[in-house]
Amino acid sequence: MREPSVRPIEPPPTSWAFPDPTRAGDELIAVGADLDPGTILTAYRSGLFPMPLGGAETHGVPAWWSPDPRGILPLDGLRVSRSLRKSCGRFDIRVNTAFEQVVDACADPARIHGWISPEIREAYVALHRLGWAHSVEAWSRDDGSLGGGLYGVAICGLFAGESMFHRRSDASKVALVGLVDLLRSGGARLLDVQWSTPHLTGLGAVEVSRRQYLKLLADALARPLPSVWGTSVWRT
């Protein structure tokens, strides 16, 4: 049974202005600014997201991206194989019961191509405390451990997925199935996965142009926030 969701708290507005991504010729739109909640929310509403640049000389400097093409997962296009459906029966899906654990698992320095810096972690924990960032978790029914999960940011009808991890086979995929079920039940419109990877493509992700993404984003932001976010056991 879900607990009532809590409406997110709007933080102070950012003092930064982002470039128009439709005028950009590259995926990297801007470098600098800060990771305050108001800045990050403005970026998402503009079609951007933060990811630090690599290299010691730029460590900790925010960078703002808008891929072209952009990866999205249509909410009616998730591919659930027979084996994945079977795996779903091994986990309980919970929402926002272990947000920081999920972020820390996604930020594990042992992971290849890890990008979640301490500054990014702090920024998304702050967004979570304000009610904007959420985790969807797959908990093993065998021993009650956290088998995998994902986190991202929900703004109106948009869910911007940031990262996912697994410790048990298929656990991150099961969390994604739970997320899509959650979004569909709440009337969300857009699941942004940033860059499409072979892993996500196999689950139904597709690529759209930047202009098309921005049109989908505008439609999603015009929708009410789904009343599905709150600390809860979503599906057992």
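The values are calculated or read from the model by the stated rules, or taken from the named source; none is laboratory data. The model shown is predicted, which means the values in this text are computed figures rather than measured ones. Here Cβ is always computed from backbone atoms with ideal geometry, including for glycine, and neighbour counts include all displayed protein chains.
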Output for segment 149-185, where each listed residue is closer than 15 Å to G89 by Cβ and of a type outside the set (K, R): S169, D170, A171, V174, A175, V177, G178, D181
Restricting to segment 1-41, and then to whatever is buried (at least 19 other Cβ atoms within 10 Å of the Cβ) and among the hydroxyl-bearing types (S, T, Y), can you tell me which residue is modelled with the lowest pLDDT? S5
For segment 139-150, give me the residue count where each residue is in contact (Cβ under 8 Å) with a residue 12 or more places away in the chain and either surrounded by fewer than 16 Cβ atoms within 10 Å (Cβ to Cβ) or more than 27 Å from I9 (Cα to Cα) (or both). 8
Of (1) within 14 Å of the chain's Cα centre (by Cα); (2) of a type in the set (A, V, I, L, M); (3) not in a strand (DSSP E or B), V61 satisfies every one except (1)
Only listed residue being farther than 17 Å from D181 by Cβ, in a loop (DSSP other than H, G, I, E, B) and in contact with an Asp or Glu (Cβ under 6 Å, 6 or more places away or on another chain), chosen from P52, P109, P67: P67
Of all residues in segment 151-176, which are surrounded by fewer than 23 Cβ atoms within 10 Å (Cβ to Cβ), under 17 Å from S83 (Cα atoms) and touching a residue at least 40 places away in the same chain (Cβ under 8 Å)? R168, S169, D170
Test: F159 is in contact with a Cys (Cβ under 7 Å, 6 or more places away or on another chain) and not aliphatic (A, V, I, L, M): no
